[in-house]
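*Asks:* Below is the structure I would like to discuss, written out as structure tokens.
What follows draws every value from the coordinates through simple rules; no lab data is involved. Keep in mind it's a predicted model, so treat the numbers as computed, not measured. Every residue, glycine among them, receives a Cβ derived from its backbone with ideal geometry; neighbour counts consider all protein chains shown.
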């Protein structure tokens, strides 16, 4: 079962400013993210990957040393491991 994440799980720093882009993408996208392919570069803890997968995108979560175990767990808890 998916749990709704809070913004600090998606954007791990400067939540106030960076959350505006999520609002923009949510309200101004000409299409949905469902079925799209996405790449998060520098994902570390997988926050943006989580958000994109929750929108239905297939996501590669990448980082210099690979996504952390916290990212893997975050995606599992929110029920999107199959998309990341």
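*Asks:* List 4, 68, 32 from most exposed to least, where exposure is judged by having the fewest other Cβ atoms within 10 Å.
*Replies:* Lowest count first: 4, 32, 68.
*Asks:* Restricting the calculation to Cα positions, tell me the Rg (one decimal) and the Dmax (whole number) of the chain in Å.
*Replies:* 12.0, 34
*Asks:* Let me ask something additional. With a 10 Å Cβ neighbour count serving as the proxy for reagent exposure, in which order, fewest first, do 61, 36 appear?
*Replies:* So the residues, fewest neighbours to most, are 36, 61.
*Asks:* Neighbour counts of other C-beta atoms within 10 Å: give me 76, 16, 44 arranged from fewest to most.
*Replies:* Sorted ascending by nearby Cβ count, the order is 16, 76, 44.
*Asks:* Hey, what did the stretch 32-84 get for relative contact order, percent, Cα under 8 Å, at least 6 apart?
*Replies:* On the way: 96 pairs, mean separation 20.7, N = 53.
Relative contact order, the stretch 32-84: 39 percent.
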